[in-house]
Amino acid sequence: MRVVVCGAGITGLTLAGLLAADGHDVVVLERSPAPRPEGYMIDFFGPGYDVAERMGLLPRFHELGYRFAEAGYHDATGRRRAGLSFRRFAESVGGRMVSIMRPDVEHVLRTALPARAAPRYGVSVVGVDDRADGVSVALSDGTALRADLLVGADGIHSTVRRLVFGEERRFLRPLGFHTAAFTFTDPEVHRLVEDRFCLTDTVDRQVGCYGLRDGRVAVFTVHRTPDRTLPDDPRAAVRAAYGTLGWIVPRALDRCPPEVYYDLVAQVELPRWSTGRVVLAGDACGAVSLLAGQGASLGMGGAFALAGHLDDPAAYERRWRPVVTGKQQVARSGARWFLPATALRLHARRWMMRLAGLPWVDRRIARSLVGKPTALVGD
(Lines give C-alpha, C1' and ligand atoms only; values in the text may rest on other atoms or scores of the structure.)
Protein backbone atom coordinates (compact mmCIF):
# COMPACT_ATOMS: atom_id res chain seq x y z
CA MET A 1 0.00 0.00 0.00
CA ARG A 2 1.19 3.53 -0.75
CA VAL A 3 0.55 5.92 2.13
CA VAL A 4 1.13 9.67 2.23
CA VAL A 5 1.67 10.91 5.78
CA CYS A 6 1.24 14.64 6.26
CA GLY A 7 3.25 15.78 9.29
CA ALA A 8 6.75 14.86 10.46
CA GLY A 9 5.98 15.18 14.15
CA ILE A 10 5.92 12.34 16.66
CA THR A 11 2.73 10.72 15.35
CA GLY A 12 3.67 10.97 11.68
CA LEU A 13 7.22 9.72 12.17
CA THR A 14 6.05 6.81 14.32
CA LEU A 15 3.48 5.77 11.74
CA ALA A 16 6.01 6.08 8.90
CA GLY A 17 8.48 3.89 10.78
CA LEU A 18 5.89 1.21 11.51
CA LEU A 19 4.56 1.17 7.94
CA ALA A 20 8.02 1.17 6.33
CA ALA A 21 9.03 -1.77 8.54
CA ASP A 22 5.91 -3.59 7.34
CA GLY A 23 6.86 -3.11 3.69
CA HIS A 24 4.53 -0.26 2.76
CA ASP A 25 5.54 2.58 0.45
CA VAL A 26 5.49 5.70 2.65
CA VAL A 27 5.87 9.39 1.76
CA VAL A 28 6.20 11.83 4.67
CA LEU A 29 5.47 15.52 4.05
CA GLU A 30 6.28 18.38 6.43
CA ARG A 31 5.44 22.03 5.82
CA SER A 32 8.25 23.34 8.05
CA PRO A 33 11.51 23.91 6.15
CA ALA A 34 13.47 21.78 8.64
CA PRO A 35 12.97 19.85 11.89
CA ARG A 36 11.71 22.27 14.53
CA PRO A 37 14.06 22.72 17.50
CA GLU A 38 11.54 24.21 19.95
CA GLY A 39 9.36 22.18 22.28
CA TYR A 40 8.70 21.01 25.81
CA MET A 41 10.24 18.52 28.15
CA ILE A 42 7.77 15.64 28.37
CA ASP A 43 7.35 12.86 30.91
CA PHE A 44 7.15 9.99 28.48
CA PHE A 45 5.27 6.88 29.66
CA GLY A 46 2.20 4.84 28.80
CA PRO A 47 1.38 3.47 25.32
CA GLY A 48 4.09 5.48 23.56
CA TYR A 49 6.71 3.98 25.86
CA ASP A 50 5.47 0.53 24.87
CA VAL A 51 5.58 1.42 21.17
CA ALA A 52 9.12 2.78 21.46
CA GLU A 53 10.14 -0.47 23.12
CA ARG A 54 8.63 -2.55 20.30
CA MET A 55 10.39 -0.38 17.72
CA GLY A 56 13.73 -0.92 19.48
CA LEU A 57 14.12 2.80 20.23
CA LEU A 58 13.83 2.80 24.01
CA PRO A 59 17.59 2.66 24.74
CA ARG A 60 18.12 5.80 22.66
CA PHE A 61 15.24 7.54 24.42
CA HIS A 62 16.84 6.86 27.79
CA GLU A 63 20.24 7.95 26.51
CA LEU A 64 18.82 11.36 25.58
CA GLY A 65 16.54 11.58 28.61
CA TYR A 66 16.92 13.49 31.87
CA ARG A 67 16.60 12.63 35.54
CA PHE A 68 15.01 15.30 37.71
CA ALA A 69 14.70 15.08 41.47
CA GLU A 70 11.31 16.78 41.64
CA ALA A 71 8.82 19.23 40.26
CA GLY A 72 8.99 22.08 42.77
CA TYR A 73 6.80 25.16 43.17
CA HIS A 74 8.57 28.41 44.17
CA ASP A 75 7.33 31.82 45.25
CA ALA A 76 8.53 35.24 44.09
CA THR A 77 11.66 35.02 46.26
CA GLY A 78 12.60 31.51 45.12
CA ARG A 79 11.39 29.85 48.30
CA ARG A 80 10.15 26.31 47.69
CA ARG A 81 6.49 26.06 48.70
CA ALA A 82 5.62 22.53 47.52
CA GLY A 83 6.84 19.75 45.28
CA LEU A 84 6.31 16.27 43.88
CA SER A 85 9.03 13.63 43.67
CA PHE A 86 9.77 12.33 40.18
CA ARG A 87 10.89 9.04 41.72
CA ARG A 88 7.43 8.49 43.21
CA PHE A 89 5.85 9.45 39.92
CA ALA A 90 8.02 6.94 38.03
CA GLU A 91 7.23 4.22 40.57
CA SER A 92 3.51 4.67 39.85
CA VAL A 93 4.15 3.46 36.27
CA GLY A 94 6.52 0.68 37.25
CA GLY A 95 9.60 2.75 36.40
CA ARG A 96 8.60 2.76 32.72
CA MET A 97 9.09 6.48 32.19
CA VAL A 98 11.69 8.86 30.85
CA SER A 99 11.79 12.67 30.88
CA ILE A 100 12.90 13.80 27.42
CA MET A 101 12.70 16.86 25.21
CA ARG A 102 10.03 16.60 22.52
CA PRO A 103 12.50 17.51 19.72
CA ASP A 104 14.73 14.64 20.89
CA VAL A 105 11.84 12.18 20.54
CA GLU A 106 11.34 13.37 16.98
CA HIS A 107 15.08 13.10 16.31
CA VAL A 108 15.16 9.46 17.41
CA LEU A 109 12.11 8.57 15.32
CA ARG A 110 13.39 10.45 12.28
CA THR A 111 16.88 8.97 12.28
CA ALA A 112 15.42 5.47 12.62
CA LEU A 113 13.50 5.80 9.34
CA PRO A 114 14.88 4.06 6.26
CA ALA A 115 16.17 6.45 3.59
CA ARG A 116 13.20 5.74 1.32
CA ALA A 117 10.83 7.13 3.99
CA ALA A 118 12.84 10.24 4.90
CA PRO A 119 10.57 13.32 5.34
CA ARG A 120 10.23 15.89 2.57
CA TYR A 121 10.53 19.28 4.31
CA GLY A 122 9.14 22.58 3.10
CA VAL A 123 6.21 20.95 1.29
CA SER A 124 2.58 21.26 2.32
CA VAL A 125 -0.71 19.83 1.11
CA VAL A 126 -2.87 22.34 -0.78
CA GLY A 127 -5.55 20.07 -2.22
CA VAL A 128 -7.05 16.62 -1.77
CA ASP A 129 -9.08 14.69 -4.34
CA ASP A 130 -10.46 11.60 -2.62
CA ARG A 131 -11.85 8.97 -4.99
CA ALA A 132 -12.79 5.32 -4.79
CA ASP A 133 -9.70 4.21 -6.70
CA GLY A 134 -7.20 6.36 -4.76
CA VAL A 135 -6.48 9.77 -3.32
CA SER A 136 -4.65 12.54 -5.19
CA VAL A 137 -2.68 14.97 -3.03
CA ALA A 138 -1.75 18.35 -4.53
CA LEU A 139 1.40 19.90 -3.06
CA SER A 140 2.63 23.45 -2.57
CA ASP A 141 5.57 22.86 -4.94
CA GLY A 142 3.19 22.30 -7.85
CA THR A 143 3.49 18.51 -7.90
CA ALA A 144 0.93 15.88 -6.92
CA LEU A 145 1.02 12.43 -5.35
CA ARG A 146 -1.29 9.46 -5.83
CA ALA A 147 -1.78 7.12 -2.90
CA ASP A 148 -4.01 4.46 -1.44
CA LEU A 149 -4.33 6.40 1.83
CA LEU A 150 -3.67 9.94 3.07
CA VAL A 151 -2.98 10.34 6.79
CA GLY A 152 -3.31 13.77 8.38
CA ALA A 153 -0.83 13.67 11.26
CA ASP A 154 -0.16 17.38 11.01
CA GLY A 155 -1.08 18.52 14.49
CA ILE A 156 -3.77 20.53 16.20
CA HIS A 157 -3.94 23.05 13.32
CA SER A 158 -4.12 20.28 10.71
CA THR A 159 -4.22 21.30 7.05
CA VAL A 160 -5.56 17.89 5.98
CA ARG A 161 -8.41 18.19 8.48
CA ARG A 162 -9.29 21.66 7.17
CA LEU A 163 -9.23 20.59 3.53
CA VAL A 164 -11.24 17.40 4.00
CA PHE A 165 -13.34 17.76 7.16
CA GLY A 166 -13.96 21.52 7.47
CA GLU A 167 -12.74 24.70 9.11
CA GLU A 168 -10.74 24.50 12.34
CA ARG A 169 -13.21 26.50 14.44
CA ARG A 170 -15.72 23.64 14.14
CA PHE A 171 -13.46 21.15 15.91
CA LEU A 172 -11.10 23.14 18.15
CA ARG A 173 -12.08 23.39 21.82
CA PRO A 174 -9.91 26.04 23.55
CA LEU A 175 -9.55 25.44 27.29
CA GLY A 176 -8.91 29.07 28.21
CA PHE A 177 -5.10 29.12 28.23
CA HIS A 178 -2.17 30.16 26.06
CA THR A 179 1.21 28.44 26.28
CA ALA A 180 4.74 29.14 25.11
CA ALA A 181 8.18 27.50 25.15
CA PHE A 182 11.73 28.70 24.49
CA THR A 183 15.33 28.19 25.62
CA PHE A 184 18.03 30.62 26.71
CA THR A 185 21.55 30.61 28.13
CA ASP A 186 22.31 31.87 31.66
CA PRO A 187 24.84 29.95 33.79
CA GLU A 188 23.47 31.28 37.07
CA VAL A 189 19.87 30.27 36.32
CA HIS A 190 21.08 26.90 35.01
CA ARG A 191 22.87 26.27 38.30
CA LEU A 192 19.66 26.95 40.22
CA VAL A 193 17.44 24.61 38.19
CA GLU A 194 19.75 22.01 36.64
CA ASP A 195 18.47 18.97 38.54
CA ARG A 196 14.91 20.13 39.21
CA PHE A 197 11.81 21.18 37.34
CA CYS A 198 11.08 24.57 38.89
CA LEU A 199 7.67 26.21 38.55
CA THR A 200 6.30 29.49 39.85
CA ASP A 201 3.71 29.08 42.61
CA THR A 202 1.31 31.60 41.12
CA VAL A 203 -2.34 32.22 40.26
CA ASP A 204 -3.61 32.33 36.65
CA ARG A 205 -0.13 32.14 35.10
CA GLN A 206 2.88 29.92 35.55
CA VAL A 207 6.47 29.73 34.34
CA GLY A 208 8.51 26.54 34.51
CA CYS A 209 12.29 26.29 34.07
CA TYR A 210 14.65 23.32 33.84
CA GLY A 211 18.28 22.87 32.87
CA LEU A 212 19.46 21.07 29.74
CA ARG A 213 22.74 19.18 29.51
CA ASP A 214 24.19 21.61 26.95
CA GLY A 215 24.00 24.50 29.44
CA ARG A 216 20.78 26.03 28.18
CA VAL A 217 17.70 26.60 30.31
CA ALA A 218 14.35 25.51 28.86
CA VAL A 219 11.20 27.46 29.70
CA PHE A 220 7.54 26.71 29.36
CA THR A 221 4.71 29.10 30.22
CA VAL A 222 0.95 28.89 30.54
CA HIS A 223 -1.59 31.59 31.44
CA ARG A 224 -5.33 32.01 31.49
CA THR A 225 -6.94 34.06 28.74
CA PRO A 226 -10.29 33.96 26.92
CA ASP A 227 -8.59 35.08 23.68
CA ARG A 228 -8.90 32.47 20.91
CA THR A 229 -6.47 34.30 18.60
CA LEU A 230 -2.68 34.09 18.60
CA PRO A 231 -0.53 37.22 18.98
CA ASP A 232 1.38 38.72 16.07
CA ASP A 233 4.48 39.00 18.30
CA PRO A 234 4.71 35.94 20.61
CA ARG A 235 7.81 37.19 22.43
CA ALA A 236 6.12 40.47 23.29
CA ALA A 237 3.02 38.58 24.42
CA VAL A 238 5.09 36.36 26.73
CA ARG A 239 6.88 39.34 28.26
CA ALA A 240 3.60 41.16 28.80
CA ALA A 241 1.86 38.17 30.39
CA TYR A 242 4.62 37.26 32.85
CA GLY A 243 6.52 40.52 33.28
CA THR A 244 5.50 41.11 36.90
CA LEU A 245 6.55 37.68 38.22
CA GLY A 246 9.62 37.40 40.42
CA TRP A 247 12.56 35.10 41.16
CA ILE A 248 14.26 33.91 37.94
CA VAL A 249 11.43 34.92 35.62
CA PRO A 250 12.77 38.45 34.80
CA ARG A 251 16.10 36.95 33.68
CA ALA A 252 14.33 34.38 31.54
CA LEU A 253 12.19 37.05 29.88
CA ASP A 254 15.19 39.28 29.25
CA ARG A 255 16.84 36.41 27.37
CA CYS A 256 13.73 35.26 25.51
CA PRO A 257 14.73 34.78 21.84
CA PRO A 258 12.79 36.16 18.86
CA GLU A 259 11.60 32.66 17.90
CA VAL A 260 9.16 31.35 20.50
CA TYR A 261 6.79 28.39 20.31
CA TYR A 262 3.36 29.81 21.14
CA ASP A 263 -0.12 28.31 20.87
CA LEU A 264 -3.54 27.88 22.39
CA VAL A 265 -4.10 25.14 24.94
CA ALA A 266 -6.92 23.31 23.23
CA GLN A 267 -8.49 19.97 22.46
CA VAL A 268 -9.79 18.65 19.15
CA GLU A 269 -13.16 16.90 18.88
CA LEU A 270 -14.50 15.52 15.59
CA PRO A 271 -17.60 13.41 14.91
CA ARG A 272 -15.44 11.06 12.83
CA TRP A 273 -11.75 10.60 12.12
CA SER A 274 -11.87 9.20 8.58
CA THR A 275 -13.69 9.50 5.30
CA GLY A 276 -12.97 7.60 2.12
CA ARG A 277 -9.20 7.26 1.76
CA VAL A 278 -8.34 9.99 4.26
CA VAL A 279 -7.78 9.43 7.99
CA LEU A 280 -6.53 11.62 10.82
CA ALA A 281 -4.14 10.67 13.62
CA GLY A 282 -2.61 12.23 16.71
CA ASP A 283 -3.46 15.82 17.63
CA ALA A 284 -5.18 16.34 14.27
CA CYS A 285 -8.17 14.32 15.48
CA GLY A 286 -7.72 13.95 19.24
CA ALA A 287 -5.48 16.56 20.86
CA VAL A 288 -5.75 16.09 24.62
CA SER A 289 -3.91 19.36 25.47
CA LEU A 290 -0.98 20.34 27.65
CA LEU A 291 -3.21 19.92 30.72
CA ALA A 292 -3.54 16.17 30.16
CA GLY A 293 0.08 15.49 29.28
CA GLN A 294 0.80 12.22 27.47
CA GLY A 295 0.16 13.82 24.05
CA ALA A 296 3.38 12.41 22.60
CA SER A 297 2.72 9.00 24.11
CA LEU A 298 -0.86 8.94 22.83
CA GLY A 299 0.37 10.07 19.41
CA MET A 300 2.68 7.07 19.21
CA GLY A 301 0.00 4.76 20.58
CA GLY A 302 -2.50 6.06 18.05
CA ALA A 303 0.00 5.56 15.22
CA PHE A 304 0.44 1.97 16.36
CA ALA A 305 -3.33 1.49 16.44
CA LEU A 306 -3.73 2.91 12.94
CA ALA A 307 -0.88 0.78 11.58
CA GLY A 308 -2.72 -2.28 12.88
CA HIS A 309 -5.96 -1.28 11.15
CA LEU A 310 -4.64 0.30 7.96
CA ASP A 311 -7.28 -1.41 5.80
CA ASP A 312 -10.11 -0.35 8.13
CA PRO A 313 -9.64 3.18 9.57
CA ALA A 314 -13.11 3.03 11.11
CA ALA A 315 -11.98 0.10 13.28
CA TYR A 316 -8.91 2.09 14.35
CA GLU A 317 -11.19 4.91 15.45
CA ARG A 318 -13.58 2.63 17.34
CA ARG A 319 -10.74 1.15 19.34
CA TRP A 320 -8.62 4.26 19.94
CA ARG A 321 -11.21 7.04 20.36
CA PRO A 322 -12.28 5.89 23.87
CA VAL A 323 -8.66 6.22 25.02
CA VAL A 324 -8.42 9.77 23.71
CA THR A 325 -11.83 10.79 25.03
CA GLY A 326 -10.92 9.57 28.50
CA LYS A 327 -7.68 11.57 28.59
CA GLN A 328 -9.48 14.69 27.35
CA GLN A 329 -11.97 14.42 30.21
CA VAL A 330 -9.15 14.04 32.75
CA ALA A 331 -7.55 17.24 31.39
CA ARG A 332 -10.73 19.28 31.68
CA SER A 333 -11.39 18.01 35.19
CA GLY A 334 -7.84 18.75 36.35
CA ALA A 335 -7.50 22.25 34.89
CA ARG A 336 -8.35 23.95 38.21
CA TRP A 337 -5.39 22.23 39.89
CA PHE A 338 -2.97 22.55 36.99
CA LEU A 339 -3.23 26.34 37.16
CA PRO A 340 -5.22 27.66 40.14
CA ALA A 341 -7.55 30.58 39.41
CA THR A 342 -7.72 31.84 43.01
CA ALA A 343 -5.38 32.22 45.98
CA LEU A 344 -7.56 29.80 47.94
CA ARG A 345 -7.14 27.08 45.34
CA LEU A 346 -3.40 27.81 45.18
CA HIS A 347 -3.12 27.21 48.93
CA ALA A 348 -5.18 24.02 48.58
CA ARG A 349 -2.72 22.75 45.95
CA ARG A 350 0.19 23.49 48.27
CA TRP A 351 -1.37 21.38 51.00
CA MET A 352 -2.11 18.58 48.58
CA MET A 353 1.54 18.56 47.48
CA ARG A 354 2.73 18.58 51.09
CA LEU A 355 0.52 15.61 51.89
CA ALA A 356 2.19 13.86 48.98
CA GLY A 357 5.15 13.30 51.27
CA LEU A 358 3.13 10.65 53.11
CA PRO A 359 3.80 7.19 51.58
CA TRP A 360 0.20 6.21 50.83
CA VAL A 361 -0.84 9.70 49.71
CA ASP A 362 2.03 10.29 47.27
CA ARG A 363 1.28 7.07 45.43
CA ARG A 364 -2.38 8.02 45.12
CA ILE A 365 -1.57 11.49 43.80
CA ALA A 366 0.93 10.08 41.32
CA ARG A 367 -1.63 7.57 40.06
CA SER A 368 -4.23 10.33 39.66
CA LEU A 369 -1.78 12.28 37.48
CA VAL A 370 -0.91 9.23 35.39
CA GLY A 371 -4.50 8.04 34.96
CA LYS A 372 -5.64 4.56 34.08
CA PRO A 373 -3.12 2.35 32.24
CA THR A 374 -3.62 2.29 28.47
CA ALA A 375 -3.00 -0.94 26.63
CA LEU A 376 -1.74 -0.86 23.05
CA VAL A 377 -4.44 -1.22 20.42
CA GLY A 378 -3.61 -2.69 17.04
CA ASP A 379 -2.04 -6.08 17.69
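The values are calculated or read from the model by the stated rules, or taken from the named source; none is laboratory data. Remember, predicted model here, so these are calculated numbers, not experimental data. Please note: Cβ atoms are built from the backbone with ideal geometry, for glycine as well, and neighbour counts cover all protein chains shown. Accessible surface areas use protein heavy atoms only, side chains included; no ligands, DNA or RNA. Shrake-Rupley method; radii C 1.70, N 1.55, O 1.52, S 1.80 Å.
The residue of the stretch 116-127 that is farthest from V5 (Cα to Cα), among those that are open to solvent by less than 50 Å² (accessible area, probe 1.4 Å) and in contact with a strand residue (DSSP E or B) (Cβ under 6 Å, 6 or more places away or on another chain), is G127. In the stretch 222-231, the condition of being without any contact (Cβ under 8 Å) to a residue 24 or more places away in the chain and of a type in the set (V, I, T) is met by at least one residue. For the stretch 29-59, which residues satisfy the criterion of being β-branched (V, I, T) and over 13 Å from the mean Cα position of the chain (by Cα)? Result: V51, single match. Count of the stretch 35-52 residues, restricted to those that are open to solvent by less than 20 Å² (accessible area, probe 1.4 Å), in contact with a Phe, Trp or Tyr (Cβ under 6 Å, 6 or more places away or on another chain) and assigned to a loop (DSSP other than H, G, I, E, B), is 0. Taken together, the residues in the stretch 81-100 that are small (G, A, S), part of a strand (DSSP E or B) and either open to solvent by 20 Å² or more (accessible area, probe 1.4 Å) or closer than 13 Å to D43 by Cα (or both) amount to 2. Just one of (1) of a type outside the set (S, T, Y); (2) open to solvent by 40 Å² or more (accessible area, probe 1.4 Å); (3) touching a residue at least 12 places away in the same chain (Cβ under 8 Å); (4) in contact with a strand residue (DSSP E or B) (Cβ under 9 Å, 6 or more places away or on another chain) fails for L113. It is (2). Looking at G78, is it on the phi > 0 side of the Ramachandran plot and open to solvent by 50 Å² or more (accessible area, probe 1.4 Å)? No: the conditions fail for G78. For the stretch 204-289, the helices (runs of 4 or more DSSP H) that sit wholly inside it and include 2 or more residues that are over 30 Å from P187 (Cβ atoms) are 283-286. Only one of the numbered conditions (1) surrounded by fewer than 20 Cβ atoms within 10 Å (Cβ to Cβ); (2) closer than 30 Å to L150 by Cβ; (3) modelled with pLDDT of 95 or more; (4) among the polar types (S, T, N, Q) is violated by S274, and that is (1). Residue count for the stretch 333-349 under the criterion of being surrounded by fewer than 16 Cβ atoms within 10 Å (Cβ to Cβ) and among the basic types (K, R): the result is 2.
Among the conditions (1) out of contact with any helix residue (DSSP H, G or I) (no Cβ under 7 Å at 6 or more places or on another chain); (2) open to solvent by 40 Å² or more (accessible area, probe 1.4 Å); (3) at pLDDT 95 or above; (4) not β-branched (V, I, T), G12 misses just one, which is (2). When A76, A82, A71 are checked against the criterion of being in contact (Cβ under 8 Å) with a residue 24 or more places away in the chain, of a type in the set (G, A, S) and closer than 27 Å to I10 by Cα, a single residue qualifies: A71.
Counting only strands (runs of 3 or more DSSP E) wholly contained in the stretch 115-196, the ones carrying 3 or more residues that are over 30 Å from A292 (Cα atoms) occupy 125-131, 134-139, 144-147. If you go through the stretch 219-262 and pick out every residue that is of a type in the set (F, W, Y), within 18 Å of D75 (Cβ to Cβ) and surrounded by fewer than 20 Cβ atoms within 10 Å (Cβ to Cβ), you end up with 0.
Of the residues that sit in the stretch 196-212 and are within 21 Å of the chain's Cα centre (by Cα) and charged (D, E, K, R), which one is modelled with the highest pLDDT? Selected residue: R205. Give just the number: which of (1) open to solvent by 40 Å² or more (accessible area, probe 1.4 Å); (2) touching a residue at least 40 places away in the same chain (Cβ under 8 Å) does P59 not satisfy? The one condition P59 does not meet is (2).
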